[in-house]
Structures are given as structure tokens and as C-alpha cells.
Amino acid sequence: MKTIANYSVSMELLRRYERRAKKHFGQNFIIDPSVVRNIASQSGAGGTVLEIGPGLGALTQQLAETYDHVVAYEIDPHMVEILNESLEEYDNVKVIHQDFLKADLSMYTEPITVCANLPYYITTPILFRLMELDIVAMTIMVQKEIADRLGASPQTKDYSCLSIKMQYYFDIKTVLKVSKESFHPRPGVESIVIKLTPKHQTMPYDEKIFFEFVKKCFQFRRKTLVNNLKTIDKDVDYAGVLESLGLETNIRADYLTFEDYLRLYGALYA
């Protein structure tokens, strides 16, 4: 079977079905076979792998040759039509025509691997949905801006609640910087493949409520942490609490580490 991650093969599929990449779905098709091989090889082999946004099936094809079962969610009905042809030789691939953000994930009761070239315009919502699953490992291609935010350190412009949350749940490693020439059409942004490995940590507080608290601390980045905290309860002496923890009263949210937030939350609510 022809390798789908190839410019001429991809163009042939698009011409045959009279289709083109849809900007509103963030479609940029991978045409570099080394990229899909790299992504597919990061998390071992065998078992079930989940893919979101398979497009023409370039990565899906490589996953089908690496894993026992592939489940791919595709929102675009025209891509589903093409996938049914491009992957017809693989009986271990299941293409689901559905918006992954609306999918019922309760069927995934066993640990699962994720490999995907995520649609850049909805990367963060997809990541939060994936966190509902028992993830073995996750190898994903994302926009460089998102990769920078996920791995950001305190006192940097990219550091946010998202950074803190994702670094709590996962070890994050950069695998590959991908050239714009590896796609059709060429994207206007840089792309990076990252691997996320679960840490399986526990904290002494309700995780959902804790991270909602952290999110409120970052509500207005240019304001001090005290001013953001005042939106939670204007009557609390937040400056006094920060002083008791050895933190400056005029500190901003992006200066606190994860451990600082644990101490702050504990001082306020434990």
C-alpha cells in the first residue's frame, strides 16, 4: 500500500474526491513519513491507540502498523469518506465520525495510548478531555506556542494555570521540531511533537477545586495576586496570608510555583 504521508499520494486523494484542506477545521496534512514514524514509535507498540483528527490518514496508517487497534475521531465527513478508502486494507482501524469534544469516553475502561496531530485551534479543550482517560502515554503534535505554555516555568510570559496543571499531571518532553515543509498546506505557525507521561501524583486537596482556585489567581495577569484573590472574597486579608508564607504582598500569579500554590491554598482553606 502507498504511504499516505507523501505529497503526491495526498494530492491524489484530494483530487480524486475534489477536496481541499479546510481552514476552519485547522487541516494541515502531514506529508513527511519520518514525522509519522517518529510519533508512532514514541509510546511502544501493541494495545489500543487513540487518534484525534486523522485527516487523510497519514499518521493513522503508521499507527495501524504499530498498534493492535486504532480508534480515530474525525469531525469532517469528507475526510471520513477519504479515510474509508485510504485505510481500507487495515482491519484494526476504527474511524468514528464525531467531534471528539462531544464523544462518550466511558467506553474506554482500559489504559490507552494517545498519538495525534491535534487540531491547533482546539488543542487545550482536547487535552482537558483526554485527561478524563487512563493514559499510558500521549505523543502529540501541537503548535509551538502551546508547547511553550505547557512546559513554561514561573516568571515567564508563557507560564499560566495550564502550565501548572499539565506539569502536575504529566512529565512533558519535546520530541521533535517539525518543519513547515512537512505539511500541506504549509501552516503559518511552527509545530512541535511532545510526549506526555503521566505522573500519577496525589495532592491533599480536591484537584478540581484546587485548579479552579489557581485559574482564578491568573484571571487578570497584569494585576497582583491579591487583587485577583479579592474577586473570590473581598473580605479576606490576602496580603497578610501571603506575608505569613514569606511571599511579597505585591507578587503576581506568574511568580508562584506549584508548591507555592499548594501552600497558599492550604493556608486559606485547609
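The values are calculated or read from the model by the stated rules, or taken from the named source; none is laboratory data. All values derive from a computational prediction rather than experimental measurement. Heads up, the Cβs are rebuilt from the backbone with ideal geometry, glycines too, and the neighbour counts pull from every protein chain shown.
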| request: Only one of these is of a type in the set (A, V, I, L, M, F, W, C), under 20 Å from GLN143 (Cβ atoms) and at pLDDT below 95: PHE29, PHE100. Name it. | output: PHE29
| remark: Of those in region 70-89 that are among the acidic types (Asp, Glu) and free of Cβ contacts under 8 Å to residues at least 40 places away in the same chain, the residue farthest from ILE140 (Cα to Cα) is GLU88
| said: I'd like to check something: does region 201-212 contain any residue that is assigned to a helix (DSSP H, G or I), within 21 Å of ILE112 (Cβ to Cβ), in contact (Cβ under 8 Å) with a residue 24 or more places away in the chain and among the aromatic types (Phe, Trp, Tyr)? | reply: no
| Can you name the helices (runs of 4 or more DSSP H) wholly within region 71-162 that have at least 1 residues being among the basic types (Lys, Arg) and either under 10 Å from the mean Cα position of the chain (by Cα) or at negative phi (or both)? | 123-130, 144-150
| message | Taking the conditions exactly as written (touching a Phe, Trp or Tyr at 6+ places or on another chain (Cβ under 7 Å), modelled with pLDDT of 95 or more and in a strand (DSSP E or B)), does LEU176 satisfy them or not? | response | no
| message | Here is a check on your reading of the model: is TYR67 among the hydroxyl-bearing types (Ser, Thr, Tyr), under 17 Å from ILE140 (Cβ atoms), without any contact (Cβ under 8 Å) to a residue 60 or more places away in the chain and not in a strand (DSSP E or B)? | response | yes
| request: Name every residue in region 228-244 that is exposed (fewer than 15 other Cβ atoms within 10 Å of the Cβ) and either hydrophobic (A, V, I, L, M, F, W, C) or under 31 Å from the mean Cα position of the chain (by Cα) (or both), in order of residue number. | output: THR231, ILE232, VAL236
| said: Can you say whether ILE251 is surrounded by 12 or more Cβ atoms within 10 Å (Cβ to Cβ), in contact (Cβ under 8 Å) with a residue 24 or more places away in the chain, more than 26 Å from the chain's Cα centre (by Cα) and not in a helix (DSSP H, G or I), as far as the supplied structure shows? | reply: yes
| task | Could you grab me the full set of residues in region 221-250 that are closer than 17 Å to GLN155 by Cβ and either at pLDDT below 95 or in the same structural domain as GLN155 (by TED's automatic domain parsing) (or both)? | result | ARG221, ARG222
| field | Top-ranked residue in region 140-178 [being among the β-branched types (Val, Ile, Thr) and without any contact (Cβ under 8 Å) to a residue 40 or more places away in the chain; ranked as surrounded by the fewest Cβ atoms within 10 Å (Cβ to Cβ)] | value | THR174
| message | Given the criteria within 20 Å of PHE128 (Cα to Cα), over 17 Å from the mean Cα position of the chain (by Cα) and either surrounded by 14 or more Cβ atoms within 10 Å (Cβ to Cβ) or of a type in the set (S, T, N, Q) (or both), does SER34 qualify? | response | no
| query | Looking at region 42-57, is at least one residue free of Cβ contacts under 8 Å to residues at least 60 places away in the same chain and assigned to a helix (DSSP H, G or I)? | reply | no
| Matching residues, region 109-126, being closer than 23 Å to THR66 by Cα and buried (at least 16 other Cβ atoms within 10 Å of the Cβ) | ILE112, THR113, VAL114, CYS115, ALA116, ASN117, LEU118, PRO119
